[in-house]
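I have placed the structure first, in the form of C-alpha cells, so that the comments after it can refer back to it.
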Amino acid sequence: AMKPEFYRPQYHFSAPKNWINDPNGLIYYEGEYHLFYQHNPFDNVWGHMSWGHAVSKDLLHWQHLPLAIPEFTHPDGKTKTAIFSGSAVIDKGNQSGLCPDGTKDCMVAVYTGNVSVGEKQTAQYQNLAYSADKGRTWKQYDKNPVLDLKTKEFRDPNVFWYAPQKKWVMSSVKATEHRVAFFESKNLKDWKLMSHFGPQSDTTKVWECPALMSVPIENEPGKSKWVLFISAGHPQKGYVGMQYFVGDFDGTHFTLDKDNPKPIAPAVSNVVDYGKDYYAAIQYNNLPIQDKNPVMIGWLNNWEYGNKLPTTPFKGAMSLPRQIALKRTTDGLQLIQQPIGSSSSLRGKKIERQNIKLTNQILTLEKRIANSYEIEAEILPGTAKRVGIRLAKNGSEVTIIQYANGKLELDRRKSGQTDFSDRFPSVEQAPVKPQNGLIKLRIFVDKSVVEVFINDGERVITDLIFPNKSEGEIDLFTEEGSAEFKKITLWPLASVKQ
Ligand code: FRU
C-alpha cells in the first residue's frame, strides 16, 4: 500500500477524502462555478450516495464546501433515499415558488432518488431539492418525487432551459432499455413526456448520464448542432465509456443528423474518449454568454475496477474541464474537446526543443521530473513504425504514448501498480489522421492522471496510472525507422493545492 496522498492529483479536482464518482449539478452562478459530485461521506468505496460540493472562480482552483445533499432516512426509520446523479438549474425570480418568497433566484437540483429498504432497492425516480443561498444549504421538496415511472432503472435527469419555448427540458435514461426519455416542464415540478431516443449504436452496457446541448461548429461560424452524450459505449467491449450523437433538437424530438459522424467500425459508437477513465461527463448550465461553447467535466475512473484504485484517503478525480465544439470533416461532424485555458497559468519554466530527428533512437528529454506537467508535441511520423514519448519512467516502469499504424496508443501495462484488478492493465488506441503531415499532442500528467488531447482535440485518451515513484524520466523515441519532433515543449505544472 502506498502512503496516503501519494497519488493525489495536483491540478485535477479530487475530494479531501473518501469516494467520489459522477460530477453532478454543474452550474455557474454569480461568479462561481459549482461542482457537485457523487460522494460517499463515510467510506472510500461507493455507497451512501450524497452530493459533495466545491466552488471555483476559474474552474481550476476549487474551494471545498460541506456536504450539500446527504442521503436521508424516511419517517418509517428503515427506508433510505440515496442522492444519485442529476443536474442543477437557476430558476430566475424563483418562478417555481420552491424557494421562500422574496428569494431572488432559486438554485434547484433535479436528482435521482434511489430508494432502498435494507439491501433491497425499491424505486428510482426524480426528486427536487432547492437552495436559496447559492448552494450552501439545501431543502428537499416536500412533494417529491416529481417524476416517477414506477421502474427501478430510470435516472440521471439532465435539465436545461430551452429558451425558444421558454421551458425546461429534461433528458433522463431508461437505463436497461438503452433509451433517453425527454420531458418538458414550465415550473420544474410537473413534467410531461415528449419523446424518446434509442436504442442506438452501443447498447452493451446500461445507458447512464445523458447530456443534450447545442454545440457550435468551429469551422462554420454562426452554425451549431445539437449533441447528445450518453455514458455507455466503449471501443473495448466490457468497459464503460461514452458515446455521442450529432443531430437536431426542435424542443420535442432529438433526431440524428445526416452528418452524424460515421462510426469508426460497424457497431462501434462515436467515441467521446478512447481511454478507460472518462465517464458520466455533463455540461455546465447557465454559463455566462461569452462562454458560448459548452464546458463539460467527467469522472476519471471506470466501473470495471473503480472501487479498487490503490489511493487513500480519497478515491476518484475529475477531468480538466473541457470546452466542446464540432468540426466539419470528411468523416462528418466530429466532436472536438479542448482543456479550458486556465491550466496554462500553472506552467513553470519550460523546456523546448525543435527539429529533433530520430532514427531508431531514444532521446532523454528530462532525466527526473515530478509527475505533474504538460507536454506539447508536433510529430512528423516519417518512416518509423512507432514514434512517441515514454513518461514516468523508472527502470522497467513506464507509460508509453506512441503513434503507430494510424493510431495513437497509450500503453499503461507497465505503468506501475496495475495488479489491483485484472481489468486495469491495458493499451488504448485512437484512430488518428495526421493534419498537414503532423500529429499534434497535448499531454497532461498529474500523479495518477494522464489526459492526452490529439490534433487540437479531435481525439482524447484519458487513463489513470499508478507509478511507484512520484517522479520519473521522459524520453522521446522512434522504432524501426525515422521520425521528427518538429517541436516539443515541457512545462512543470504547479499545484492548485486546495
Ligand atoms: C453513473 C451512475 C449513475 C448513477 C450514479 C450512482 O456512474 O451509475 O447512473 O446515478 O452513478 O452513483
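Rounded to the nearest 0.05, what FRET efficiency do LYS186 and ARG328 give with R0 = 41 Å and r taken as the Cβ-Cβ distance? Could you check?
E(calc), rounded to 0.05, equals 0.70.
Taking a label point 7 Å from the Cα of SER482 along the Cα→Cβ vector, which residues of segment 375-393 have an amide N closer than 16 Å to it?
380-387
Please list, in order, the residues from segment 365-380 whose amide nitrogen is less than 18 Å from a point placed 7 Å along the Cα→Cβ vector of LYS357.
Counting only backbone N, you get 378-380.
At 0.36 nm per residue, minus the direct Cα-Cα distance, what do THR255 and ALA370 gain on full extension? Give it in nm, one decimal, please.
36.7 nm
Give, rounded to the nearest 20 debye, the magnitude of the charge dipole that segment 18-341 has about its Cα centre when Lys and Arg contribute +1 at Cβ and Asp and Glu contribute -1 at Cβ.
260
In nm, to one decimal, how far is the modelled label at LYS17 from the one at ASN394, with both set 7 Å along Cα→Cβ?
2.6
Loop only per DSSP, at most 16 neighbouring Cβ atoms within 10 Å: give me the trypsin sites (Lys or Arg not before Pro) in segment 334-365, ordered by residue number.
Here the trypsin sites (Lys or Arg not before Pro) that fit, given the DSSP loop and packing criteria, are LYS349, LYS350.
If you place +1 on the Cβ of every Lys and Arg, -1 on the Cβ of every Asp and Glu, and leave all else neutral, what size is the dipole of segment 347-492 about its Cα centre, to the nearest 20 Debye?
Around 300 debye, computed over segment 347-492.
Starting from the 7 Å offset along Cα-to-Cβ, what nm value, one decimal, do you get for the label separation of SER195 and LYS150?
Taking the simple label geometry, SER195 and LYS150 are separated by 2.8 nm.
Go ahead and run the numbers for FRET between GLU119 and TYR162, Cβ-Cβ distance against an R0 of 45 Å, rounding to 0.05.
It comes out at approximately 0.70.
Taking the Cα centre of segment 312-415 as origin, work out the dipole magnitude from +1 charges on Lys and Arg Cβ and -1 charges on Asp and Glu Cβ, in debye rounded to 20.
Charge dipole of segment 312-415: 220 debye, to the nearest 20.
Going by how many other beta carbons lie within 10 Å of each one, how would you line up LYS440, LYS433, fewest first?
LYS433, LYS440
For ILE439, ILE401, ILE289, ILE369, what's the fewest-to-most ordering of other Cβ within 10 Å of each Cβ?
Lowest count first: ILE289, ILE369, ILE439, ILE401.
For LEU287 and LYS139, what is the calculated FRET efficiency with R₀ set at 22 Å and r taken between the beta-carbons, to the nearest 0.05?
0.30
Using Cβ contacts closer than 10 Å as the measure, can you line up ARG423, ARG368 from fewest to most?
ARG368, ARG423
With a ≥ b ≥ c taken as the square roots of the eigenvalues of the C-alpha gyration tensor of the chain, please select rounded if a/c is under 1.5 and otherwise prolate if a/b is larger than b/c or oblate if it is not?
prolate
None of the figures in this text is laboratory data; all of them are computed from the coordinates on show. Values in this document were obtained by computation on a predicted structure and should not be read as measured data. Note that each Cβ is placed from the backbone with ideal geometry, even for glycine, and that neighbours are counted across all protein chains shown.
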